[in-house]
Amino acid sequence: MHAPLGRDFERFGRALPREFPQHVREAYRIDLAGSYLGTALPHPIGKGSGQLSLNQKQLEEDAAAGLAFTVLKTVIAQDEAGAQAMAAWAIHETRMTVEQRAAPGGRAGWTVTWKGRGWDRAFADYLALVRAGRDLSRAGMLRCIPSVKYHLPRLGEPFRAAEYRFTTQALAQTWGREEPLPLEKDFSPTLAGDALAEDRAQILRWLREVPGHIRAAAPVRLAVKLMNARFDDAFQREMLAAAAPGADTLVVFNRLFDAERGVAYGGWELSDRNLRVLDAVRRPAGWSGDLCGTGNICSGRMILEYARCGCSAVQLHTFFQLPLSAYPAAAGSRTQRALHALVFHPEDGLIAGMLELEARGQLERRGGELRFLDLIDAHRRR
Ligand SMILES: Cc1cc2nc3c(=O)[nH]c(=O)nc-3n(C[C@H](O)[C@H](O)[C@H](O)COP(=O)(O)O)c2cc1C
């Protein structure tokens with residue numbers, strides 16, 4: 001298999017076909033299918049919410065590249081009068097710096113430094129983006145998932161139900177009745193860095209109660225994207241257990257927060273922590289939802305690390321933003337170049353990694369095929 005992989009790496013570096021998962025299945029007998037929010041995906045690679053899913057052009061480019069799904073930029077919830085309890089997150093900031101950051105052991109990885117937060121334009125503009133995403137989803141081109149940051153009260157204060165109701169219902173109406181609204185609820189790193197998140201009991205209450213407030217407004221399939229709180233690994237596991245019962249999918253875990261510089265960051269410290277916590281928890285007891293990994297995913301091998309911990313899909317941001325010189329492909333959009341490296345790299349790609357797992361006896365062919373989702377089934381059985 002290594003000679004054809006070398007040839008595919010070479011030629012797809014000039015142009016990656018949108019239907020590459022089909023090619024992988026025919027040429028390598030490898031089924032890359034993944035799953036996010038209970039929906040089957042042609043492969044497990046999606047885009048995390050952020051600055052790369054802000055407009056229709058970005059969505060169309062990603063659909064053409066063959067990305068499996070994209071989570072739209074996080075919008076800040078509002079009530080019918082436009083009031084936003086979390087207005088401090090709707091700030092405008094355009095400048096982003098893609099740079100290297102060393103983890104405590106010294107290993108340098110990519111991070112994006114940015115002081116911005118959520119959607120900073122009108123809610124009506126967000127609904128227009130959701131409409132475009134819905135059409136691409138229905139056409140089978142790209143699964144698009146809106147993302148919201150809702151009001152989070154202090155202990156003893158009530159949730160602002162009007163913001164939950166108005167925002168969720170507007171999104172659900174825009175999505176239409178064909179299927180429940182797919183939705184991600186963002187608990188962001190800047191929230192982790194905020195005074196609001198200094199109290200453990202307060203965070204656990206949000207995780208237990210927020211899904212109910214969203215579901216009371218409209219039928220949804222809900223992914224809860226957990227933050228890395230500024231506490232220890234044991235609390236991170238407590239957060240998982242608190243959020244699981246109300247969530248169809250858990251996205252694990254958003255970036256770390258550098259309190260000194262006042263910015264969120266990624267790199268190896270992020271993936272080390274995420275994988276360490278996931279490895280220890282296995283999966284929340286009695287919960288059958290999907291796990292979706294996020295954090296420092298820059299190779300197919302790293303996708304397999306998250307899969308080993310139960311993640312049936314992954315969502316990346318930083319790896320879609322690197323300088324062009326960092327990708328091995330010579331042509332294509334950033335999304336195409338990233339997918340090319342993640343899947344076809346002869347040493348670090350998903351195909352190479354799955355063939356290696358087979359050679360080591362850690363993944364077996366069924367009906368002649370190696371299946372990505374078998375890694376998740378094996379994890380569930382453990
Ligand atoms: C510039 C930037 C903006 C982001 N904005 C959001 C956001 O609005 N909502 C959200 O849920 N995550 C946001 N994220 C987090 C990413 O979706 C992703 O989960 C995180 O960066 C970890 O993945 P990565 O290491 O591949 O970047 C943002 C990340 C970056 C770098």
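The values are calculated or read from the model by the stated rules, or taken from the named source; none is laboratory data. Quick caveat, the model's predicted, so the values are computed rather than measured. FYI the Cβ positions are ideal-geometry reconstructions off the backbone, even for glycines, and counts take in every protein chain you see. We work out accessible area using only protein heavy atoms, side chains counted, and drop any ligands, DNA or RNA first. Shrake-Rupley method; radii C 1.70, N 1.55, O 1.52, S 1.80 Å.
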task = Among the residues of segment 245-257, write down those that are among the small types (Gly, Ala, Ser) and either within 13 Å of the ligand (Cβ to nearest atom) or surrounded by 23 or more Cβ atoms within 10 Å (Cβ to Cβ) (or both).
result = Ala247
Residue among Arg276, Arg283 that is part of a helix (DSSP H, G or I), over 25 Å from Leu72 (Cα atoms) and more than 12 Å from the ligand (Cβ to nearest atom) = Arg276
message = Just to be sure I understand, how many residues within segment 205-220 are over 21 Å from the mean Cα position of the chain (by Cα) and crowded, with 18+ Cβ neighbours inside 10 Å?
response = 4
task = Can you tell me which residue within segment 258-270, out of those that are more than 12 Å from the ligand (Cβ to nearest atom) and open to solvent by less than 60 Å² (accessible area, probe 1.4 Å), is modelled with the lowest pLDDT?
result = Gly262
remark   = Scanning segment 98-126 residue by residue, those outside any loop (DSSP other than H, G, I, E, B) and near the ligand (Cβ under 10 Å from one of its atoms) turn out to be Val98, Gly109, Trp110, Thr111, Val112, Thr113, Trp114
request  = Check Ala64, Ala103, Ala81, Ala40 and return the single one that is of a type in the set (A, V, I, L, M, F, W, C), within 26 Å of Glu269 (Cβ to Cβ) and surrounded by fewer than 20 Cβ atoms within 10 Å (Cβ to Cβ).
outcome  = Ala103
inquiry  = Just checking, does segment 221-236 include any residue being within 14 Å of the ligand (Cβ to nearest atom), within 29 Å of Pro104 (Cα to Cα), assigned to a helix (DSSP H, G or I) and open to solvent by less than 10 Å² (accessible area, probe 1.4 Å)?
reply    = no
note = Picked from segment 222-236 (must be small (Gly, Ala, Ser) and closer than 24 Å to Gly212 by Cβ), the residue nearest to the chain's Cα centre (by Cα) is Ala223
inquiry  = Quick check on my filter: what residues within segment 127-169 are closer than 25 Å to Asp194 by Cα, in a helix (DSSP H, G or I) and within 16 Å of the ligand (Cβ to nearest atom)?
reply    = Thr167
inquiry  = Just to be sure I understand, how many residues within segment 64-86 are among the small types (Gly, Ala, Ser) and either within 15 Å of the ligand (Cβ to nearest atom) or within 22 Å of the chain's Cα centre (by Cα) (or both)?
reply    = 5
task = Determine whether Ala132 is of a type outside the set (Ser, Thr, Tyr), surrounded by 13 or more Cβ atoms within 10 Å (Cβ to Cβ) and touching a Phe, Trp or Tyr at 6+ places or on another chain (Cβ under 7 Å).
result = no
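Here are some residues: Leu322, Leu316, Leu350, Leu342. Which one is under 19 Å from Pro21 (Cα atoms), within 13 Å of the ligand (Cβ to nearest atom) and over 15 Å from the mean Cα position of the chain (by Cα)?
Answer to the selection: Leu342.
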ask   = Can you name the residue in segment 170-190 that is at pLDDT 95 or above and assigned to a helix (DSSP H, G or I) and is also surrounded by the fewest Cβ atoms within 10 Å (Cβ to Cβ) among such residues?
value = Gln173
inquiry  = Exactly one condition in (1) near the ligand (Cβ under 10 Å from one of its atoms); (2) open to solvent by 40 Å² or more (accessible area, probe 1.4 Å) is false for Gln51; which is it?
reply    = (2)
query = What is the residue count in segment 325-339 for residues that are away from the ligand (no atom under 16 Å from the Cβ) and within 21 Å of the chain's Cα centre (by Cα)?
reply = 2
